[in-house]
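Here's the structure, in structure tokens; my notes come after.
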Amino acid sequence: NPDFADAFMDLGAALSAQGKYAEAIEMSEKALRLRPDVAETQALLGAALLHLDRADESIFYNRKALELKPDLVSARLNLGVALLAKGNYDEAIAHVEYVLRLSPQDEAAQKLLIAARQKRDETATHP
């Protein structure tokens with residue numbers, strides 16, 4: 001029943017907020033099987049995966065979320081974090097700068113941008 005997708009997503013969000021990421025992933029996947037076209041669910045799954053150090057999968061789902069909704073700040077910010085974890089500094093910076101154009105006061109994005117630039121500069125100076 002497609003109506004259950006929202007319930008699974010809400011449960012996934014609640015589980016994620018409690019730090020129960022494996023369970024959040026399970027609920028998000030159930031929601032996506034019912035309604036794969038919901039960007040927020042793709043982003044929720046991407047965020048939970050990121051918390052479990054599954055950056056490649058997180059990148060995949062956050063990109064899917066952005067295909068559906070390019071201005072979804074949570075997906076773009078989590079994509080930046082995942083890309084940073086993979087060492088893709090320039091792409092991470094581009095996504096975080098995009099977030100800051102949408103939401104200039106976003107403190108998480110501001111901190112992430114500083115960290116990403118530092119990592120990029122450290123890598124360029126000491127390969």
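The values are calculated or read from the model by the stated rules, or taken from the named source; none is laboratory data. Keep in mind that what you see is a predicted model, and the values were worked out from it rather than measured. For accessibility, only protein heavy atoms count, side chains too; no ligands or nucleic acids. Shrake-Rupley method; radii C 1.70, N 1.55, O 1.52, S 1.80 Å.
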Between the Cα axis of helix 73-85 and the main Cα principal axis of the chain, the angle (0 to 90°, nearest 10) is 60 degrees
With no solvent term and unit scatterers on the alpha-carbon positions of the stretch 75-127, Debye gives log₁₀ I(q)/I(0) at q = 0.14, 0.31 Å⁻¹ of -0.30, -1.19
Largest fluctuation, 20, 30, 111 only, Gaussian network model of the chain with Cα springs under 10 angstrom, belongs to 111
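Accessible area of the stretch 68-127 with a 1.4 Å probe: how many percent of it is carbon plus sulfur?
Values: 1870 of 3530 Å².
That share works out to 53 percent.
Provide the per residue accessible area, probe 1.4 Å, for the chain, rounded to a whole number of square angstrom.
Values: 7100 Å² over 127 residues.
Spelled out: the 1.4 Å probe surface of the chain, per residue, equals 56 Å².
Rounded, prolate or oblate, given the Cα gyration tensor of the stretch 10-82, with a/c below 1.5 counting as rounded? Walk me through the numbers on the way to the answer.
Working: a/c = 1.68, a/b = 1.15, b/c = 1.46.
The shape class here is oblate.
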Quick calc of log₁₀ I(q)/I(0), the chain, Debye, one scatterer on every Cα, no solvent, q values 0.09, 0.12, 0.18, 0.22 1/Å, result -0.26, -0.45, -0.90, -1.19
To the nearest 10 degrees, the tilt of helix 89-102 (Cα long axis) against the first principal axis of the alpha carbons of the chain is 70 degrees
Diffing the stretch 110-126: the Karplus 3J(HN,Hα) column from phi (6.51, -1.76, 1.60, θ = phi - 60°), in whole Hz with x for Gly and Pro, holds 4, 5, 5, 4, 4, 4, 5, 5, 4, 4, 4, 5, 4, 5, 5, 7, 10
So, relative contact order of the stretch 1-101 in percent, Cα under 8 Å, 6 or more apart, is 20 percent
Checked the stretch 62-104 with the C-alpha gyration tensor, a ≥ b ≥ c its square-rooted eigenvalues, rounded below a/c of 1.5, otherwise prolate if a/b is larger than b/c and oblate if not; verdict oblate
